Amino acid sequence: MSIEIRNVSKRFGSFQAVDDVSLDVDGGSLTALLGPSGSGKSTLLRIVAGLEWPDTGEVYLAGENTTEAPPQKRGVGFVFQHYAAFKHMTVRQNIAFGLEVRKRPKDEVRARVDSLLELVQLHGFGDRYPTQLSGGQRQRMALARALAPEPKVLLLDEPFGALDARVRAELRVWLRRLHDETQTTTVFVTHDQEEAMEVADRVVVMNRGRVEQVAGPRELYDAPANEFVMSFVGQANRFGDTWVRPHDLQLVLEPNGSTREAMVDRVVHLGFEVRAELVRDDGETLAVQLTRDQAEQLELERGQIVYVRPTRETTFAG
Amino acid sequence: MRRLGLRSIALGYLLVVLVGPLTMVFWRSFDKGGAHLWHSLSDPNTVHAFKVTLIITAISVPLNTVFGVVCALAIVRRRFPGAGIVNAIVDLPLALSPVVVGLSLFLLYGRTGWFGPFFTRHGIQILFSLPSMVIATIFVSLPFVAREVVPTLREIGDEQEQAAHTLGAGAWTTFRRITLPSIRWAVIYGVVLTTARCLGEYGAVAVVSGHIEGQTETATLRVQDAYENFDTSGAYGISLVLAVMSVLVLVAMTLLKPKERTA
């Protein structure tokens, strides 16, 4: 079900956490709120859940104005970065909580918990306590718990932030698949652009309490709306007023009219990909991304002089 | 080596300050034999004194438990202006001498005090009777539950409670099913300390009770009474019972606690 955010602002003391944000999230979509820390993405998510109150503005869930409603009346599922597991309850009791609070019949609760344990691949773990689970398992339990009462929207606040890289990567794929199965409107907060691009249909880039751009992953990368998005989503080099992605720089060994001289400062081999850091004659550094073959042809090494030519540039007005 | 040294210092200190006196009390109680001890304990005024102590404890402990939990929630969860003052006031009974507490009650409920005339007009006796003794005991045993619960509440944070809210639980359900189970050991420990304090209270109660034998005398006041009347074995006997009660409360808690570990 859809989420509409209308002119929401929130201030903590002198810090403007969210600054006049309006945003529409379509029903059934999977959206990422992406931004650096302090950009207001978590605050915005917590306002949608009712865990924070906006100073001004309105929130509509499924067309209904819920701005004044307490969190327990909103029908949202919320997943916290640090799981917020009920430590004194078993996995089964954790998942059943939202159903028991709603006084659903016992048989129904049991059946629903069983199917959710299956869904999050925790069957056989039902009688364990959260402390007996790994981080990834705990977060899956938290997800099942949030999904149990069939929420209108599922909100996840940096859900994989506390997990190690491998479990993170696994859970990303798994969240995407889960969403495709349940079709629940889902919004998750992340500061990791790769995570946002990999999982979400739509990415909302936030900075300093404002929305910088809303776009699909590909559009965000290929057609960033401004310099902030250009530099935050993916790497970018600056040539005066123009920006160039590291893979849109061509390196040659002989100068011609349109090239600039630079010295190789560092070469990093990452399997198929090779990353080089160059220092320009004016002292600016450049990041370049090459394939292994290209790097071998150039025989790149530290201290070598190369000539750089952008193959694709982006310029922002004003 | 150093750990061993530290350990023996700690043990020695405990021995001299705690175990020694307790053993002496135990020893001296049976000085004149079990029959004599039983005789002095079964004195009607002594039995009554124990009754008064238990009644006061039975009223003060539940009230202070509820107040302590509410107070701790107020201090930790609601960031209202003046939370710091509440925080400091809760500790006041620890800093204030019980005698001063007793005197201040005297000034409040005395014939010329602020509330005294009001209660006198309605024919309610506060001073020299159970109400003032209960108030005094509540005052001196006030901080223990709050002091135990505050750090535990801080430690568990409020994410579990927020999660419960988003799952549809209201304030009371969240408190009963999430907050209370998480702080229950702090509450129980606070209750144990409060109970021990109530059983042992002397100073404040001594001032407001009027010390009337068989009426407003608690067990601790009775100990003093017996001692001043050269009934030393009686004094030791009552002390022994008080000490045994406190130890039982502590033992009960320790026996209950391991169950928590497996959960």
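Each value in this text was obtained by applying a stated rule to the coordinates, not by laboratory testing. Quantities reported herein were computed from a predicted structural model and do not represent experimental measurements. All Cβ positions, even for glycine, are placed from backbone atoms using ideal geometry, and neighbour counts span all protein chains on display.
Brief remarks follow.
- Where both bridge residues fall in the protein assembly as shown, DSSP classifies roughly 70% of the beta bridges as antiparallel.
- A:Gln132 versus A:Glu301: modelled label distance in nm, points set 7 Å from Cα along the beta carbon direction: 5.9 nm
- Area projected by the alpha carbon convex hull of the stretch A:239-315, averaged over all directions, nm²: 4.8 nm²
- Equivalent ellipsoid dimensions for chain A as semi-axes, Å, which come from the Cα gyration tensor, largest first: 44, 24, 15
- Using alpha-carbon coordinates, inclination of helix A:135-147 to the longest axis of chain A, degrees: 60 degrees
- R0 of 45 Å, Cβ-Cβ distance A:His82-B:Leu15: FRET efficiency to nearest 0.05: 0.50
- Using the Cβ-Cβ distance between B:Val247 and A:Ala162 with R0 set to 60 Å, the FRET efficiency works out to roughly 0.85.
- Hz values of 3J(HN,Hα) by residue in the stretch B:47-54 - Karplus curve (6.51, -1.76, 1.60), Gly and Pro given as x: 4, 4, 4, 5, 4, 4, 4, 5
- Kirkwood radius for the stretch A:39-158, taken over all pairs of different Cα atoms as the inverse mean of 1/r, rounds to 15.1 Å.
- Loop-resident trypsin sites (Lys or Arg not before Pro) (DSSP state other than H, G, I, E or B) in the stretch B:19-73 with no more than 11 further Cβ atoms inside 10 Å of their Cβ are absent.
- Amide H contacts for A:Val79 (H built 1.01 Å from N in the peptide plane; partners 5 or more residues away or on another chain; cut-off under 5 Å): A:Leu155, A:Leu156, A:Asp157.
- Residue-by-residue Karplus 3J(HN,Hα) for the stretch A:68-81, coefficients 6.51, -1.76, 1.60, Hz, glycine and proline x: 8, 6, x, x, 5, 9, 8, x, 10, x, 10, 10, 9, 4
- Whole-Hz ³J(HN,Hα) from phi, Karplus 6.51 cos²θ - 1.76 cosθ + 1.60, for the stretch A:84-97, glycine and proline x: 6, 5, 6, 5, 8, 10, 6, 4, 4, 5, 4, 5, 6, 3
- In plain terms, the chain from A:Ser231 to A:Ala169 could stretch by 20.0 nm, reckoned as 0.36 nm per residue minus the Cα-Cα distance.
- Note on the protein assembly as shown: helix-only mean residue ellipticity at 222 nm, from DSSP H runs of 4+ residues weighted -39500 (n - 2.57) and normalised by residue number, equals -15500 deg cm²/dmol.
- Top of B:Pro131, B:Pro117, B:Pro93 by mean-square fluctuation, Gaussian network on chain B, Cα under 10 Å: B:Pro117
- Tilt relative to chain B, helix B:83-95 - C-alpha long axis, 0 to 90 degrees, to 10: 20 degrees
- Note on A:Asn256 and B:Leu22: the model spin-label points, each 7 Å out from Cα along the C-beta direction, lie 9.3 nm apart.
- Legend: mean number of C-beta atoms from other chains within 10 angstrom of residue C-beta atoms, peptide B:154-165, equals 5.
- Here the peptides A:140-152, B:239-251, A:279-291 are ranked by packing, the mean other Cβ count within 10 Å, and the order with the highest first is A:140-152, B:239-251, A:279-291.
- Residue order for B:Thr194, B:Thr220, A:Thr190, fewest other beta carbons within 10 angstrom first, comes to B:Thr220, A:Thr190, B:Thr194.
- A Cβ-based charge dipole, computed about the Cα centre of the stretch A:135-218 with Lys and Arg at +1 and Asp and Glu at -1, lands at about 120 debye.
- Cut-off 20 Å (backbone N to label point 7 Å along Cα→Cβ of A:Asp201), residues of the stretch A:161-187: A:172-187
- Taking B:Tyr202, B:Tyr189, B:Tyr227 as the candidate residues, the one with maximal mean-square fluctuation in a Gaussian network model of chain B, Cα springs under 10 Å, is B:Tyr227.
- Listed from fewest to most Cβ neighbours within 10 Å, the set A:Trp53, A:Trp243 follows the order A:Trp53, A:Trp243.
- Angle in degrees between helix A:165-182 and the longest Cα principal axis of chain A, rounded to the nearest 10: 60 degrees
- Interchain or long-range residues, amide H under 5 Å from A:Leu33's placed H: A:Phe188, A:Val189, A:Thr190, A:Val204
- The equivalent ellipsoid of the protein assembly as shown has semi-axes of 68, 28, 25 Å, largest first, where each one is the square root of 5 times an eigenvalue of the Cα gyration tensor.
- Gyration tensor verdict on chain B (Cα atoms; rounded if a/c is under 1.5, prolate if a/b is larger than b/c, oblate otherwise): oblate
- Potential lengthening of the chain between A:Asp222 and A:Arg280 amounts to 18.4 nm, from the contour at 0.36 nm per residue minus the alpha-carbon distance.
- A cut-off of 5 Å between modelled amide H atoms, ignoring neighbours fewer than 5 places along the same chain, links A:Asn207 with A:Glu212.
- Sites A:Phe239 and A:His269 - FRET efficiency at Förster radius 25 Å, r taken between beta-carbons, to 0.05: 0.45
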